[in-house]
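Q: Next up is a structure, given as structure tokens.
Quick note: the coordinates plus some simple rules give every number you see, no bench work behind them. As the structure is a prediction and not an experimental result, all values here were calculated from the model. A quick note on method: Cβ atoms are made from the backbone with ideal geometry, for glycine too, and the neighbour counts reach across all protein chains shown.
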Amino acid sequence: MKLGLLTAPFPDTPLGEVVDWARSVGFEALEIACWPKTSGASRRYAGTSHIDVDISAAQAKDIAAELAGRGMTISGLGFYPNPLHPDQAHRQAVIDHLKKVIVLASHMGVPLVNTFCGGDASKTIDANWEDAQKVWPAIIAHAREHGVKLAFENCPMIFSYDEWPGGHNIAYSPYVWRRILEAWGGDVGMNFDPSHLVWQMIDKERFIREFGKNMLHVHAKDLMIDHDGLYERGILSAGIGWQVPRMPGLGDIDWSRIFSGLYRAGYDGPVIIEHEDRRFEGTDEKVKRGFLLARDVLRPFIK
């Protein structure tokens with residue numbers, strides 16, 4: 001295993017500086033954020049563009065070689081949009097960019113692109129799955145042609161009322177994951193984030209036992225259930241008001257049990273810290289402090 005971080009919380013820091021800092025404090029891998037370059041507002045922890053997807057193949061190879069020369073592994077390229085968005089123009093725009101990220105990964109020799117399956121919050125899971133079967137085969141074929149695998153994160157994307165009630169990503173439960181793997185398992189795997197199982201009350205260890213062999217990438221993020229918020233709003237709020245993302249070690253996850261399950265499942269890939277903890281944001285120094293705290297919690301398990 002290698003311990004690293006997702007670069008998204010450093011939107012204004014050049015990639016080279018992120019690499020320098022990460023290596024200096026003992027990280028070995030980076031998941032590089034590759035959202036489109038934009039100047040407007042974006043969803044929290046989205047919109048970071050550390051590599052321009054329109055660079056040439058030679059430039060992409062040079063970036064990969066530079067990072068390798070500095071002892072840094074690229075765990076994957078990350079772009080987490082909604083390819084099943086109900087607005088067709090938005091849907092096409094994010095799919096077009098995702099395809100460019102796939103090409104960029106191929107040019108860099110990075111075998112994995114991490115993303116979302118997507119979802120229309122107003123539709124049922126089954127109706128969304130019908131849409132997914134129409135949208136995803138062409139994207140998956142594009143990835144296969146470029147020698148790249150896709151990893152869907154198991155995040156429901158329900159954090160705000162514009163995502164309620166159904167969320168913006170259907171690949172969050174065993175009910176859907178069995179369908180994904182049956183349909184596309186040779187080309188699509190999981191970017192596993194155990195924090196999303198906590199508030200859904202999905203058995204984390206059982207989930208790893210069933211899907212561990214299909215995990216291509218792991219996000220380390222913790223989550224705390226605010227029981228006062230849960231009492232106030234109830235479970236039908238779908239976590240809004242009581243699911244609290246935290247740095248590993250500050251939430252409800254027992255990381256020894258998570259790593260025990262991963263090792264038993266044969267997972268030996270990257271473990272990438274995903275930072276969404278409001279207690280450690282606002283300045284680069286606070287963000288770095290959060291990453292260092294998580295590093296110290298997780299490092300004993302990374303061998």
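Q: So what is the relative contact order of region 19-144, in percent, for Cα pairs below 8 Å that sit 6 or more residues apart?
A: About 26 percent, as a whole number.
Q: Would you check the chain for Lys pairs whose C-alpha atoms are within less than 17 Å, ignoring same-chain pairs closer than 8 in sequence, and give me the count?
A: Within the chain, the lysine pair count is 14.
Q: Check HIS219: other-chain or 5+ apart residues with amide H under 5 Å from its amide H, H built from backbone geometry?
A: Close amide H contacts, sequence-distant or interchain: PHE192, ASP193, ILE272.
Q: Can you run phi through the Karplus equation (6.51, -1.76, 1.60; θ = phi - 60°) for region 90-99 and list ³J(HN,Hα) in whole Hz, with x for Gly and Pro?
A: Karplus values, whole Hz, x for Gly and Pro: 4, 4, 5, 5, 6, 5, 4, 5, 4, 5.
Q: Between ALA46 and ALA58, what is the spin-label point distance in nm, taking each point 7 Å from the Cα along the Cα→C-beta axis?
A: It works out to 3.6 nm between the two label points.
Q: Which part of region 178-213 falls in the paramagnetic zone of GLU232, meaning amide N under 19 Å from the point 7 Å along Cα-to-beta-carbon?
A: Output list for this probe position: 199.
Q: So how much slack lies between ARG178 and ASP12, counting 0.36 nm per residue of separation and subtracting their Cα-Cα distance, in nm?
A: Between ARG178 and ASP12, full extension yields an extra 55.9 nm.
Q: Enumerate the amide H contacts of ILE74 below 5 Å, restricted to partners 5 or more residues apart or on another chain; note that Pro and chain-start residues carry no placed amide H.
A: Amide H to amide H, under 5 Å and 5 or more residues apart or across chains, ILE74 pairs with LEU30.
Q: If you don't mind, there's one more thing I want to ask. Of [x] 6; [y] 36; [z] 13, which one was derived for percent of Cα pairs over 38 Å apart from the structure shown?
A: Only one option fits the structure, namely [x].
Q: Any idea which of ALA8, HIS227, GLY69 is furthest toward the positive side of the dipole for the chain, if Lys and Arg beta-carbons carry +1 and Asp and Glu beta-carbons -1?
A: Sorting the options by dipole projection puts first GLY69.
Q: Roughly how compact is region 1-50, stated as its Cα Rg over 2.2 N^0.38 Å to two decimals?
A: Taking the Cα Rg and dividing by 2.2 N^0.38 Å, one obtains 1.18.
Q: Separate question: For region 283-291, in order, what is each residue's ³J(HN,Hα) by Karplus, 6.51 cos²θ - 1.76 cosθ + 1.60 with θ = phi - 60°, in whole Hz (x at glycine and Pro)?
A: With coefficients 6.51, -1.76 and 1.60, one gets 9, 4, 5, 5, 4, 4, 4, x, 4 Hz.
Q: Of the residues HIS142, HIS50, HIS168, which exhibits the maximal mean-square fluctuation in a Gaussian network model of the chain defined by a 10 Å Cα contact cut-off?
A: HIS142
Q: Taking the Cα of LYS123, stepping 7 Å toward and past its beta carbon, and measuring to each backbone N in region 135-155: which are under 14 Å?
A: 135-137
Q: Could you work out the relative contact order of the chain? I mean the mean sequence separation of Cα pairs under 8 Å and 6+ apart, divided by the number of residues, in percent.
A: Here the relative contact order equals 17 percent.
Q: Moving on. In whole Hz, what ³J(HN,Hα) sequence does region 105-120 give by Karplus (6.51, -1.76, 1.60; θ = phi - 60°), x for Gly and Pro?
A: Here the 3J(HN,Hα) series is 4, 4, 5, 7, x, 9, x, 9, 10, 9, 7, 10, 5, x, x, 9 Hz.
Q: Quote the relative contact order of region 199-303 in percent (integer), defining contacts as alpha-carbon pairs under 8 Å separated by 6+ residues.
A: In percent, rounded to a whole number, it is 32.
Q: Run the paramagnetic zone check for LYS37: 7 angstrom along Cα to Cβ, then residues of region 56-76 with backbone nitrogen under 19 Å.
A: It comes to 56-64, nothing else.
Q: Can you give me the long-range amide H partners of THR48? Hydrogens built in the peptide plane at 1.01 Å from N, cutoff under 5 Å, separation of 5 or more residues or another chain.
A: Amide H neighbours of THR48, under 5 Å, 5+ apart: TRP35.
Q: With springs connecting C-alpha atoms under 10 Å apart, model the chain as a Gaussian network and identify which of LYS100, LYS286, LYS149 has the largest mean-square fluctuation.
A: Residue with maximal mean-square fluctuation among LYS100, LYS286, LYS149: LYS286.
Q: Magnitude of the Cβ-charge dipole of the chain, K/R +1 and D/E -1, about the Cα centre, nearest 20 debye?
A: Approximately 620 debye in magnitude.
Q: Checking the a/c ratio against 1.5 first, then a/b against b/c, what shape does the Cα gyration tensor give for region 228-289? Spell out each step's value before the answer.
A: Values: a/c = 2.83, a/b = 1.25, b/c = 2.26.
Oblate.
Q: So what's the projected area for region 176-303, the Cα convex hull averaged over all directions, in nm²?
A: Average of the hull's projected areas for region 176-303 equals 8.7 nm².
Q: Can you classify region 117-220 as rounded, prolate or oblate using the Cα gyration tensor, where a ≥ b ≥ c are the square roots of its eigenvalues, rounded means a/c under 1.5, and otherwise it's prolate if a/b beats b/c and oblate if not?
A: oblate
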